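The values are calculated or read from the model by the stated rules, or taken from the named source; none is laboratory data. Keep in mind it's a predicted model, so treat the numbers as computed, not measured. Note that each Cβ is placed from the backbone with ideal geometry, even for glycine, and that neighbours are counted across all protein chains shown.
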Amino acid sequence: MKKMMMACVGLLALTLTAQAQKKSGAIQFETTIDPAAMMSANGMQVSDEMKARMPKSVKSNFELLFTATNASFMPVEDVEDSNGGGGGGGMNRMMRFAGGMGGQREYYYSFADQKLVEVFDLMDTTYVIQSKLTIAPNTDLNMGNNRQGNNGSSTTTQNGVTTTTTSAVVFLPEPPTMEVVKTDETKKILNFNCNKIIVKSIRKAKVLGEDKNIIDETAVWYTNELGFNFSPNPHLWTEGTVLALENKGNTTIAKSIEYRNVSAKDVTAPKKAIPITLEEIKVKREAMMKRFQGGRQGAPARVVIN
């Protein structure tokens, strides 16, 4: 009888240990971007010659570290393209900066008070900005047609040659309307049961001079079996833990999960980061773009994009 009780106690201890271990660990995510598809989705004309110079896909890896109370999400290595890096350096840097899933940003989550902060480098300085999980236009990171001129033209420079292209689609400056559509679709990701919703971003635009609504759809796959709230893109979240985002030209999916001990400092935002607002970010980025354009025209300028 005594041996049986000891065996039961031992089994209970092992079960509690296993359950405790499952409250912390790491999930690896992979983001795949099709540059040509993303440019087309933003209303930019992409010639066959431009497509030939672009990588077919740009892949980057991210890691979600989580404990029972906090989490962090950040890139873990440089972007790699399907052309083996040949001639794609500029495109890769642009993708890291534009970042469909946050680029070089780091995200820190606090589960108890549902707080989220974003940490990023801009012009050699580390900043922190308050954020939240929600459904909202990602205006801060949107580098699409908003940066074009009033006539829908955009200018690019490569190897000293400046090219101006005109888009048939000109997005209006007002923010898009967001719409959430629930579905009955389910599938397993990393053996978790996931539900699907569709997030529609509806933008008003001029298409060959006519008023049109341009609809961009993202499939969001989430699970409630992990016990905490998270999304690789904080602007695409309704509930649970998002394990996949599927969009034309931009896909992010969880590839593996490992339960292990995670240090508290790895899921805590750095204290030396400087607080900043979205409006202040906009001003600094506009100043950076002016310096960049001045450098292309021969003026002495140095731009660092991390």
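Cβ-Cβ distance below 8 Å, separation of 6 or more or different chains: which pairs start in the stretch 264-285 with a residue that is part of a loop (DSSP other than H, G, I, E, B) and end on one that is surrounded by 14 or more Cβ atoms within 10 Å (Cβ to Cβ) and of a type in the set (Phe, Trp, Tyr)?
Pairs that qualify, where the first residue is part of a loop (DSSP other than H, G, I, E, B) and the partner is surrounded by 14 or more Cβ atoms within 10 Å (Cβ to Cβ) and of a type in the set (Phe, Trp, Tyr), are 268/108; 269/108; 273/127; 276/127.
Does at least one position in the stretch 172-187 carry a residue that is out of contact with any His (no Cβ under 9 Å at 6 or more places or on another chain), modelled with pLDDT of 95 or more, loosely packed, with under 14 Cβ neighbours inside 10 Å and among the polar types (S, T, N, Q)?
Within the stretch 172-187, one or more residues are out of contact with any His (no Cβ under 9 Å at 6 or more places or on another chain), modelled with pLDDT of 95 or more, loosely packed, with under 14 Cβ neighbours inside 10 Å and among the polar types (S, T, N, Q).
Going by the structure shown, is residue 220 closer than 29 Å to residue 112 by Cα and loosely packed, with under 13 Cβ neighbours inside 10 Å?
no
Given the condition assigned to a loop (DSSP other than H, G, I, E, B), charged (D, E, K, R), exposed (fewer than 13 other Cβ atoms within 10 Å of the Cβ) and modelled with pLDDT under 90, answer yes or no: does some residue in the stretch 110-120 qualify? Walk me through how you get there before you give the answer.
The initial filter retains those residues of the stretch 110-120 that are assigned to a loop (DSSP other than H, G, I, E, B), namely 111-114.
Checking which are charged (D, E, K, R) leaves us with 113.
Adding the requirement that they be exposed (fewer than 13 other Cβ atoms within 10 Å of the Cβ) leaves 113.
Remaining after also requiring modelled with pLDDT under 90: none.
Within the stretch 110-120, not a single residue is assigned to a loop (DSSP other than H, G, I, E, B), charged (D, E, K, R), exposed (fewer than 13 other Cβ atoms within 10 Å of the Cβ) and modelled with pLDDT under 90.
Name the residue, out of 281, 198, that is under 20 Å from residue 37 (Cα atoms) and of a type in the set (A, V, I, L, M).
The match here is 198.
Anything in the stretch 37-75 that is within 23 Å of residue 218 (Cβ to Cβ), β-branched (Val, Ile, Thr) and touching a residue at least 24 places away in the same chain (Cβ under 8 Å)? List them, or say none.
58
List the residue pairs whose Cβ atoms are under 8 Å apart, where the first residue sits in the stretch 187-216 and is over 17 Å from residue 245 (Cβ atoms) and in contact (Cβ under 8 Å) with a residue 60 or more places away in the chain, the second is assigned to a strand (DSSP E or B) and aromatic (Phe, Trp, Tyr), and the two are 6 or more positions apart or on different chains.
205/171; 214/171
Does any residue of the stretch 21-38 turn out to be of a type in the set (Phe, Trp, Tyr) and at pLDDT 55 or above?
Initially, the stretch 21-38 is screened for residues of a type in the set (Phe, Trp, Tyr), giving 29.
So of that shortlist, the ones also at pLDDT 55 or above come out as 29.
Looking for residues that are of a type in the set (Phe, Trp, Tyr) and at pLDDT 55 or above, one finds at least one in the stretch 21-38, hence yes.
Looking at this structure, is residue 132 in contact with a Lys or Arg (Cβ under 8 Å, 6 or more places away or on another chain), at pLDDT 50 or above and more than 20 Å from residue 277 (Cα to Cα)?
In short, no.
Determine whether residue 107 is assigned to a strand (DSSP E or B), at pLDDT 70 or above, aromatic (Phe, Trp, Tyr) and in contact with a Ser or Thr (Cβ under 9 Å, 6 or more places away or on another chain).
For residue 107, the condition - assigned to a strand (DSSP E or B), at pLDDT 70 or above, aromatic (Phe, Trp, Tyr) and in contact with a Ser or Thr (Cβ under 9 Å, 6 or more places away or on another chain) - is met.
Suppose the filter is of a type outside the set (Lys, Arg), modelled with pLDDT under 90 and either touching a Cys at 6+ places or on another chain (Cβ under 8 Å) or surrounded by 14 or more Cβ atoms within 10 Å (Cβ to Cβ) (or both); does residue 41 pass it?
It is true that residue 41 is of a type outside the set (Lys, Arg), modelled with pLDDT under 90 and either touching a Cys at 6+ places or on another chain (Cβ under 8 Å) or surrounded by 14 or more Cβ atoms within 10 Å (Cβ to Cβ) (or both).
Can you name every residue in the stretch 241-281 that is over 28 Å from residue 130 (Cβ atoms), small (Gly, Ala, Ser) and surrounded by fewer than 16 Cβ atoms within 10 Å (Cβ to Cβ)?
256
Hey, among the residues in the stretch 167-199 that are in a strand (DSSP E or B) and among the polar types (S, T, N, Q), which one's nearest to residue 258 (Cα to Cα)? I'd like the intermediate steps shown before the answer.
The first filter runs over the stretch 167-199 and keeps only residues in a strand (DSSP E or B), leaving 169-171, 177-189, 192-199.
Imposing the further condition that a residue be among the polar types (S, T, N, Q) reduces the set to 177, 183, 186, 193, 195.
Values: 177: 38, 183: 29, 186: 23, 193: 17, 195: 22 Å.
Of everything passing the filter in the stretch 167-199, 193 is nearest to residue 258 (Cα to Cα).
Residue by residue through the stretch 54-89, note down the ones that are hydroxyl-bearing (Ser, Thr, Tyr), surrounded by fewer than 16 Cβ atoms within 10 Å (Cβ to Cβ) and either assigned to a strand (DSSP E or B) or at pLDDT below 95 (or both).
82
Among the numbered conditions (1) surrounded by fewer than 16 Cβ atoms within 10 Å (Cβ to Cβ); (2) at pLDDT 90 or above; (3) aromatic (Phe, Trp, Tyr), tell me where residue 292 comes up short.
For residue 292, the failing item is (2).
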